[in-house]
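The values are calculated or read from the model by the stated rules, or taken from the named source; none is laboratory data. Because the structure is predicted, anything quoted here is derived from the model rather than measured. All Cβ positions, glycine included, derive from the backbone under ideal geometry; neighbour counts span all protein chains shown. These area figures cover heavy atoms from the full protein model, side chains too; ligands, DNA and RNA do not enter into them. Shrake-Rupley method; radii C 1.70, N 1.55, O 1.52, S 1.80 Å.
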Amino acid sequence: MSEPSQTIKKFEDGIYSDITIEDYHMSKGISATTIKWARESLKHYDWYRRGLITVEKKPHYDFGNAFELALLAHDEYLKRVAIVPDSEWIEEALKVNPELKVPRNSNVYKGLSSAWFAQQQGKYIIEETGQQSFETIEEMLSSCYQDKVIQALIKNTEYQLSLYWTDPGTGLQLKTRPDFCKRKKNVIVNLKTTEDGSPEGFARDIGKFNYGLQAAIETRGAMATGLMENVDTYLWLVVEKVPPFNASLYEFDKVDAQFFDDELSFLLGKIKKGKDENFWPGYSDFADNEHGILTAKIPLWAKRLR
(Lines give C-alpha, C1' and ligand atoms only; values in the text may rest on other atoms or scores of the structure.)
Protein backbone atom coordinates (compact mmCIF):
# COMPACT_ATOMS: atom_id res chain seq x y z
CA MET A 1 0.00 0.00 0.00
CA SER A 2 1.35 3.42 -0.87
CA GLU A 3 1.60 6.23 1.67
CA PRO A 4 0.37 9.51 0.16
CA SER A 5 1.60 12.43 2.27
CA GLN A 6 -1.87 13.94 2.76
CA THR A 7 -3.16 10.84 4.54
CA ILE A 8 -0.17 9.92 6.72
CA LYS A 9 -0.98 9.70 10.43
CA LYS A 10 1.55 10.14 13.21
CA PHE A 11 1.63 7.96 16.31
CA GLU A 12 4.09 8.38 19.16
CA ASP A 13 6.37 5.51 20.10
CA GLY A 14 4.53 2.85 22.06
CA ILE A 15 2.15 -0.11 22.01
CA TYR A 16 -1.38 0.44 20.67
CA SER A 17 -4.31 -1.96 20.81
CA ASP A 18 -6.91 0.34 19.23
CA ILE A 19 -5.44 1.29 15.85
CA THR A 20 -7.31 -0.07 12.84
CA ILE A 21 -5.42 -1.89 10.12
CA GLU A 22 -6.27 0.98 7.74
CA ASP A 23 -4.86 3.63 10.10
CA TYR A 24 -1.80 1.48 10.71
CA HIS A 25 -1.06 1.25 7.00
CA MET A 26 -1.54 4.99 6.58
CA SER A 27 0.69 5.92 9.53
CA LYS A 28 4.23 7.22 9.62
CA GLY A 29 6.97 4.67 10.18
CA ILE A 30 9.13 2.19 8.31
CA SER A 31 7.39 -1.18 8.19
CA ALA A 32 8.34 -4.64 6.98
CA THR A 33 6.84 -3.77 3.60
CA THR A 34 9.00 -0.68 3.13
CA ILE A 35 12.08 -2.55 4.33
CA LYS A 36 11.42 -5.21 1.67
CA TRP A 37 11.41 -2.50 -1.00
CA ALA A 38 14.75 -1.21 0.34
CA ARG A 39 16.09 -4.72 -0.12
CA GLU A 40 15.29 -4.43 -3.84
CA SER A 41 17.12 -1.10 -4.06
CA LEU A 42 17.05 2.28 -2.34
CA LYS A 43 15.39 3.71 -5.43
CA HIS A 44 12.56 1.20 -5.03
CA TYR A 45 12.24 2.29 -1.39
CA ASP A 46 12.16 5.99 -2.28
CA TRP A 47 9.55 5.55 -5.00
CA TYR A 48 7.38 3.41 -2.74
CA ARG A 49 7.48 5.80 0.23
CA ARG A 50 6.47 8.66 -2.06
CA GLY A 51 3.51 6.71 -3.41
CA LEU A 52 5.00 6.36 -6.89
CA ILE A 53 4.89 2.57 -6.70
CA THR A 54 1.49 1.18 -5.85
CA VAL A 55 0.57 -2.41 -5.10
CA GLU A 56 -2.63 -3.69 -6.62
CA LYS A 57 -5.02 -5.16 -4.08
CA LYS A 58 -5.64 -8.80 -4.97
CA PRO A 59 -8.49 -11.11 -3.90
CA HIS A 60 -6.18 -13.34 -1.86
CA TYR A 61 -5.43 -10.39 0.46
CA ASP A 62 -9.11 -10.21 1.44
CA PHE A 63 -9.21 -13.97 1.86
CA GLY A 64 -6.11 -14.05 4.07
CA ASN A 65 -7.42 -11.23 6.25
CA ALA A 66 -10.83 -12.89 6.48
CA PHE A 67 -9.29 -16.17 7.62
CA GLU A 68 -7.18 -14.36 10.20
CA LEU A 69 -10.29 -12.78 11.68
CA ALA A 70 -12.18 -16.08 11.60
CA LEU A 71 -9.39 -17.79 13.55
CA LEU A 72 -8.45 -15.05 16.01
CA ALA A 73 -11.34 -12.58 16.33
CA HIS A 74 -14.64 -14.20 15.40
CA ASP A 75 -16.77 -11.20 16.40
CA GLU A 76 -14.73 -9.01 14.06
CA TYR A 77 -15.03 -11.67 11.37
CA LEU A 78 -18.83 -11.37 11.50
CA LYS A 79 -18.61 -7.57 11.20
CA ARG A 80 -15.79 -7.15 8.69
CA VAL A 81 -16.28 -10.03 6.24
CA ALA A 82 -18.93 -10.06 3.53
CA ILE A 83 -19.78 -13.27 1.67
CA VAL A 84 -20.91 -12.75 -1.90
CA PRO A 85 -24.52 -14.05 -2.08
CA ASP A 86 -24.07 -15.36 -5.60
CA SER A 87 -26.64 -18.17 -5.31
CA GLU A 88 -29.30 -15.71 -4.11
CA TRP A 89 -28.75 -13.44 -7.11
CA ILE A 90 -28.98 -16.40 -9.49
CA GLU A 91 -32.20 -17.51 -7.82
CA GLU A 92 -33.70 -14.02 -8.16
CA ALA A 93 -32.67 -13.80 -11.82
CA LEU A 94 -34.29 -17.18 -12.55
CA LYS A 95 -37.49 -16.14 -10.82
CA VAL A 96 -37.81 -13.31 -13.31
CA ASN A 97 -36.84 -15.47 -16.28
CA PRO A 98 -36.63 -19.25 -15.71
CA GLU A 99 -35.31 -19.73 -19.26
CA LEU A 100 -32.00 -17.97 -18.59
CA LYS A 101 -29.02 -20.05 -19.63
CA VAL A 102 -26.43 -17.72 -18.00
CA PRO A 103 -28.18 -15.95 -15.08
CA ARG A 104 -25.04 -13.98 -14.21
CA ASN A 105 -25.33 -12.11 -17.50
CA SER A 106 -28.86 -10.94 -16.74
CA ASN A 107 -29.78 -7.38 -15.76
CA VAL A 108 -31.38 -8.65 -12.55
CA TYR A 109 -28.17 -10.38 -11.43
CA LYS A 110 -25.98 -7.42 -12.42
CA GLY A 111 -28.24 -4.96 -10.63
CA LEU A 112 -28.29 -6.94 -7.40
CA SER A 113 -24.53 -7.46 -7.57
CA SER A 114 -23.77 -3.78 -8.18
CA ALA A 115 -26.02 -2.63 -5.31
CA TRP A 116 -24.54 -5.19 -2.90
CA PHE A 117 -20.90 -4.35 -3.61
CA ALA A 118 -21.65 -0.64 -3.18
CA GLN A 119 -22.76 -1.38 0.40
CA GLN A 120 -19.64 -3.35 1.37
CA GLN A 121 -17.12 -0.53 1.65
CA GLY A 122 -14.32 -1.34 4.11
CA LYS A 123 -15.17 -5.03 4.29
CA TYR A 124 -13.23 -8.09 3.17
CA ILE A 125 -15.07 -9.81 0.32
CA ILE A 126 -15.03 -13.58 -0.08
CA GLU A 127 -17.03 -16.01 -2.19
CA GLU A 128 -19.56 -18.59 -0.97
CA THR A 129 -17.75 -21.54 -2.51
CA GLY A 130 -14.49 -22.20 -4.33
CA GLN A 131 -10.82 -21.84 -3.48
CA GLN A 132 -10.99 -18.50 -1.63
CA SER A 133 -14.36 -18.77 0.00
CA PHE A 134 -16.35 -19.17 3.21
CA GLU A 135 -16.44 -22.89 2.49
CA THR A 136 -12.64 -23.04 2.36
CA ILE A 137 -12.25 -21.00 5.55
CA GLU A 138 -14.43 -23.54 7.38
CA GLU A 139 -12.13 -26.37 6.26
CA MET A 140 -9.03 -24.40 7.28
CA LEU A 141 -10.48 -23.63 10.70
CA SER A 142 -11.30 -27.31 11.18
CA SER A 143 -7.66 -28.26 10.51
CA CYS A 144 -6.44 -25.73 13.06
CA TYR A 145 -8.93 -26.84 15.70
CA GLN A 146 -7.93 -30.49 15.25
CA ASP A 147 -4.33 -29.70 16.29
CA LYS A 148 -4.01 -29.49 20.08
CA VAL A 149 -0.84 -27.39 19.96
CA ILE A 150 -2.44 -24.87 17.59
CA GLN A 151 -5.58 -24.85 19.73
CA ALA A 152 -3.54 -23.92 22.80
CA LEU A 153 -1.52 -21.36 20.84
CA ILE A 154 -4.51 -19.33 19.64
CA LYS A 155 -6.17 -19.18 23.07
CA ASN A 156 -5.66 -16.10 25.25
CA THR A 157 -3.55 -14.24 22.72
CA GLU A 158 -3.14 -10.54 21.99
CA TYR A 159 -4.24 -9.85 18.45
CA GLN A 160 -2.68 -7.30 16.06
CA LEU A 161 -1.07 -4.87 18.43
CA SER A 162 0.52 -1.90 16.62
CA LEU A 163 4.07 -1.19 17.74
CA TYR A 164 5.97 2.08 17.07
CA TRP A 165 9.54 2.83 18.12
CA THR A 166 12.57 4.89 17.19
CA ASP A 167 15.62 2.94 16.09
CA PRO A 168 18.51 4.06 18.34
CA GLY A 169 21.14 3.52 15.66
CA THR A 170 19.55 5.65 12.94
CA GLY A 171 16.84 7.75 14.58
CA LEU A 172 14.30 6.34 12.11
CA GLN A 173 10.79 5.56 13.33
CA LEU A 174 9.74 1.99 12.74
CA LYS A 175 6.44 0.20 13.08
CA THR A 176 5.16 -3.35 13.02
CA ARG A 177 1.94 -5.24 13.66
CA PRO A 178 2.44 -8.88 14.64
CA ASP A 179 -0.53 -11.10 13.87
CA PHE A 180 -0.77 -12.36 17.44
CA CYS A 181 1.41 -13.00 20.43
CA LYS A 182 1.58 -14.47 23.93
CA ARG A 183 3.26 -11.71 25.90
CA LYS A 184 3.88 -13.69 29.09
CA LYS A 185 5.45 -16.57 27.18
CA ASN A 186 7.56 -14.33 24.88
CA VAL A 187 6.01 -15.86 21.76
CA ILE A 188 5.12 -14.13 18.48
CA VAL A 189 3.08 -15.93 15.83
CA ASN A 190 2.70 -14.93 12.19
CA LEU A 191 -0.23 -16.47 10.32
CA LYS A 192 0.26 -17.42 6.67
CA THR A 193 -2.16 -18.95 4.16
CA THR A 194 -0.70 -20.77 1.18
CA GLU A 195 -1.37 -23.45 -1.39
CA ASP A 196 1.69 -25.48 -0.38
CA GLY A 197 2.47 -25.59 3.32
CA SER A 198 5.01 -28.42 3.05
CA PRO A 199 8.55 -27.79 4.37
CA GLU A 200 9.80 -27.35 0.81
CA GLY A 201 6.86 -25.18 -0.21
CA PHE A 202 7.06 -22.90 2.81
CA ALA A 203 10.83 -22.58 2.39
CA ARG A 204 10.17 -21.18 -1.09
CA ASP A 205 7.63 -18.72 0.33
CA ILE A 206 10.08 -17.55 3.01
CA GLY A 207 12.61 -16.69 0.32
CA LYS A 208 10.14 -15.25 -2.19
CA PHE A 209 8.22 -13.02 0.23
CA ASN A 210 11.07 -12.04 2.59
CA TYR A 211 9.39 -13.52 5.66
CA GLY A 212 12.75 -13.50 7.49
CA LEU A 213 12.93 -9.70 7.39
CA GLN A 214 9.32 -9.43 8.52
CA ALA A 215 10.09 -11.69 11.47
CA ALA A 216 13.18 -9.62 12.31
CA ILE A 217 11.29 -6.32 12.47
CA GLU A 218 8.45 -7.86 14.50
CA THR A 219 10.94 -9.35 16.94
CA ARG A 220 12.87 -6.11 17.28
CA GLY A 221 9.68 -4.09 17.69
CA ALA A 222 8.43 -6.33 20.48
CA MET A 223 11.62 -5.80 22.46
CA ALA A 224 12.12 -2.12 21.63
CA THR A 225 8.62 -1.17 22.79
CA GLY A 226 8.79 -3.27 25.95
CA LEU A 227 6.09 -5.66 24.78
CA MET A 228 8.52 -8.46 25.66
CA GLU A 229 11.93 -8.42 27.27
CA ASN A 230 12.99 -11.13 24.83
CA VAL A 231 11.30 -13.02 22.03
CA ASP A 232 12.05 -16.60 22.95
CA THR A 233 10.02 -18.14 20.14
CA TYR A 234 8.87 -16.84 16.78
CA LEU A 235 6.47 -19.13 14.93
CA TRP A 236 4.73 -19.20 11.58
CA LEU A 237 1.30 -20.83 11.58
CA VAL A 238 0.96 -21.98 7.98
CA VAL A 239 -2.48 -23.10 6.80
CA GLU A 240 -3.15 -24.50 3.34
CA LYS A 241 -6.12 -23.09 1.45
CA VAL A 242 -6.40 -26.12 -0.82
CA PRO A 243 -7.17 -29.75 0.11
CA PRO A 244 -6.22 -31.32 2.45
CA PHE A 245 -5.94 -27.93 4.26
CA ASN A 246 -2.93 -28.90 6.37
CA ALA A 247 -2.12 -26.59 9.29
CA SER A 248 1.53 -26.57 10.40
CA LEU A 249 3.78 -24.69 12.78
CA TYR A 250 7.30 -23.62 11.79
CA GLU A 251 9.82 -22.07 14.17
CA PHE A 252 12.23 -19.31 13.16
CA ASP A 253 15.69 -20.77 13.69
CA LYS A 254 17.86 -18.69 16.06
CA VAL A 255 20.79 -18.61 13.62
CA ASP A 256 18.52 -17.38 10.82
CA ALA A 257 16.95 -14.87 13.20
CA GLN A 258 20.37 -13.34 13.90
CA PHE A 259 21.18 -13.17 10.18
CA PHE A 260 17.98 -11.27 9.35
CA ASP A 261 18.36 -8.99 12.36
CA ASP A 262 21.81 -8.06 11.06
CA GLU A 263 20.35 -7.48 7.59
CA LEU A 264 17.66 -5.27 9.08
CA SER A 265 20.36 -3.12 10.72
CA PHE A 266 22.25 -2.97 7.43
CA LEU A 267 19.18 -1.86 5.47
CA LEU A 268 18.22 0.75 8.05
CA GLY A 269 21.74 2.14 7.79
CA LYS A 270 21.37 2.41 4.01
CA ILE A 271 18.02 4.15 4.35
CA LYS A 272 19.50 6.62 6.86
CA LYS A 273 22.38 7.38 4.49
CA GLY A 274 19.96 7.86 1.59
CA LYS A 275 17.87 10.21 3.70
CA ASP A 276 20.87 12.23 4.92
CA GLU A 277 22.32 12.60 1.43
CA ASN A 278 18.96 12.76 -0.37
CA PHE A 279 20.37 10.19 -2.78
CA TRP A 280 18.58 6.96 -3.56
CA PRO A 281 20.70 4.75 -5.86
CA GLY A 282 19.35 1.85 -7.87
CA TYR A 283 21.15 -1.42 -8.52
CA SER A 284 24.53 0.32 -8.81
CA ASP A 285 24.56 0.28 -5.01
CA PHE A 286 25.27 -3.47 -5.20
CA ALA A 287 28.50 -2.99 -7.17
CA ASP A 288 31.83 -3.88 -5.55
CA ASN A 289 33.58 -0.84 -7.00
CA GLU A 290 33.35 2.94 -6.57
CA HIS A 291 32.00 3.46 -10.08
CA GLY A 292 28.83 1.46 -9.51
CA ILE A 293 29.56 -0.87 -12.42
CA LEU A 294 27.96 -4.28 -12.00
CA THR A 295 29.33 -7.58 -13.26
CA ALA A 296 26.87 -9.24 -15.64
CA LYS A 297 25.92 -12.69 -14.39
CA ILE A 298 25.46 -14.89 -17.41
CA PRO A 299 23.48 -18.07 -16.67
CA LEU A 300 25.12 -21.41 -17.39
CA TRP A 301 22.48 -22.38 -19.96
CA ALA A 302 23.44 -19.33 -22.06
CA LYS A 303 27.07 -20.50 -22.22
CA ARG A 304 26.32 -23.92 -23.64
CA LEU A 305 28.28 -24.78 -26.79
CA ARG A 306 26.00 -25.54 -29.74
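When you look at GLU76, is it at pLDDT 95 or above and loosely packed, with under 15 Cβ neighbours inside 10 Å, yes or no?
no
Would you mind stating whether PRO168 is at pLDDT 95 or above, in a loop (DSSP other than H, G, I, E, B) and exposed (fewer than 13 other Cβ atoms within 10 Å of the Cβ)?
Criteria met by PRO168.
Output the residue which, of all residues in region 171-181 that are more than 15 Å from the chain's Cα centre (by Cα) and crowded, with 19+ Cβ neighbours inside 10 Å, is nearest to ASP261 (Cα to Cα).
Checking each candidate, the answer is LEU174.
Give GLY197, GLY221 a once-over and let me know the one that is within 20 Å of HIS60 (Cβ to Cβ), small (Gly, Ala, Ser) and out of contact with any Gly (no Cβ under 9 Å at 6 or more places or on another chain).
GLY197
Looking at ASN156, is it open to solvent by 90 Å² or more (accessible area, probe 1.4 Å) and of a type outside the set (Asp, Glu)?
Answer is yes for this residue.
Every residue in region 8-44 that is more than 22 Å from LEU267 (Cα to Cα), outside any loop (DSSP other than H, G, I, E, B) and open to solvent by 60 Å² or more (accessible area, probe 1.4 Å), please.
Residues satisfying the conditions are LYS9, ILE15, GLU22.
Any residue at all in region 69-79 that's in contact with a Cys (Cβ under 9 Å, 6 or more places away or on another chain), in contact (Cβ under 8 Å) with a residue 40 or more places away in the chain and farther than 30 Å from PHE279 by Cα?
yes
State all residues of region 51-92 that are on the phi < 0 side of the Ramachandran plot, out of contact with any strand residue (DSSP E or B) (no Cβ under 8 Å at 6 or more places or on another chain) and part of a loop (DSSP other than H, G, I, E, B); if no residue qualifies, say none.
Within region 51-92, LEU52, ILE53, THR54, VAL55, GLU56, LYS57, LYS58, PRO85 meet the criteria.
Restricting to region 98-143, give me the number of residues that are open to solvent by 60 Å² or more (accessible area, probe 1.4 Å), outside any helix (DSSP H, G or I) and out of contact with any strand residue (DSSP E or B) (no Cβ under 9 Å at 6 or more places or on another chain).
7
Just to be sure, is LEU52 open to solvent by 50 Å² or more (accessible area, probe 1.4 Å) and either modelled with pLDDT of 95 or more or not hydrophobic (A, V, I, L, M, F, W, C) (or both)?
On the way: open to solvent by 50 Å² or more (accessible area, probe 1.4 Å): yes; either modelled with pLDDT of 95 or more or not hydrophobic (A, V, I, L, M, F, W, C) (or both): no.
Against the criterion (open to solvent by 50 Å² or more (accessible area, probe 1.4 Å) and either modelled with pLDDT of 95 or more or not hydrophobic (A, V, I, L, M, F, W, C) (or both)), LEU52 does not qualify.
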